[in-house]
Amino acid sequence: MSTTVSWGSELDWTYQYRWRHNKSAKTHQINSNHITDFCGRSLPLNRMAKYQWWMDLIEEMRDGGRSSSSSTINRILSAGSTVINATRKAQRHDVKVPEFDRLKEGEHRIFWYTKEQLRQLNDVARNIFSRDDLADTIIFSALTGCRQGELMKLKPSDVDLEFNNIWIGGMSHLRTKGGECRAVPLATEILPIVNSRMDRTKLFGDDWNNKDQLYKQFLKVRRYCGIPETHVWHSLRDTFGTMVCEHHHPKQAQDLLGHKTIEMTMKYCHASDSANRLAVSSLHIGLGALDQGNPESNSSNG
């Protein structure tokens, strides 16, 4: 049994011996091609045995502008699972697909953390688990909208303290998924976090060996807080987008999040009670006392 198989080799085998004569062969090929676009054909298959790898794939599908439909994402996930399970059954490798929940179909809701939940995550990470590094990472992500992969690669050289900006994907060593960069202003609450890390090789990547380690620590804190499993790490990015959209035009959120389309950004624009009250409180026509006691107004009615 081979231990060095790649995603591409197992995809080819599955197509040849399982899908090729199937009526839905073209659909399977299209769905599996989304995975190839994400990871490439040469990806060692054992990387796909990690839970976090699949979470990253879902994030790419949700936020990358390729496929935001829950049902479509689930079909892509199923195509990947089929390739691994079919070739494993054929004794080509011993990689197993990790257990994880599929997305609820017909539901396009984006989950985000409330400010109270963020405060709770911060307090529990620092005071219960003694993980200031984790608390710093959570708060930074929630107040910049930085993706987990982008976060792990940020360097002090990406920080412009003169203008209080963090350049995500702005330096030669890093490009965002779309190959572009974006400048995100540093909120007051995260300036101390950034300043305390300017002597490191990487702002946050030095604290964690990989994204899996970071996510496992995060799950411990989230469970302790009793926050639902629907609120994953990516929900911190959703939180940032939601807070910006609550008080500002969606075009600003689109620029800060690095979205290609305004349609993607609009998914973050939720009608909260506080946002509704703020919207109505800003309305003003200039009627004064609604013309009460105006003699001309009264006489015209009488």
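Could you tell me which residue of the stretch 35-62 is surrounded by the fewest Cβ atoms within 10 Å (Cβ to Cβ), considering only residues that are charged (D, E, K, R) and not in a helix (DSSP H, G or I)?
Among them, the one singled out is Arg41.
Within the stretch 52-72, can you find the residues that are polar (S, T, N, Q) and modelled with pLDDT of 80 or more?
Those that are polar (S, T, N, Q) and modelled with pLDDT of 80 or more: Gln52, Ser71, Thr72.
The values are calculated or read from the model by the stated rules, or taken from the named source; none is laboratory data. What you see is a predicted model, and the numbers here were worked out from it, not measured in a lab. All Cβ positions, even for glycine, are placed from backbone atoms using ideal geometry, and neighbour counts span all protein chains on display.
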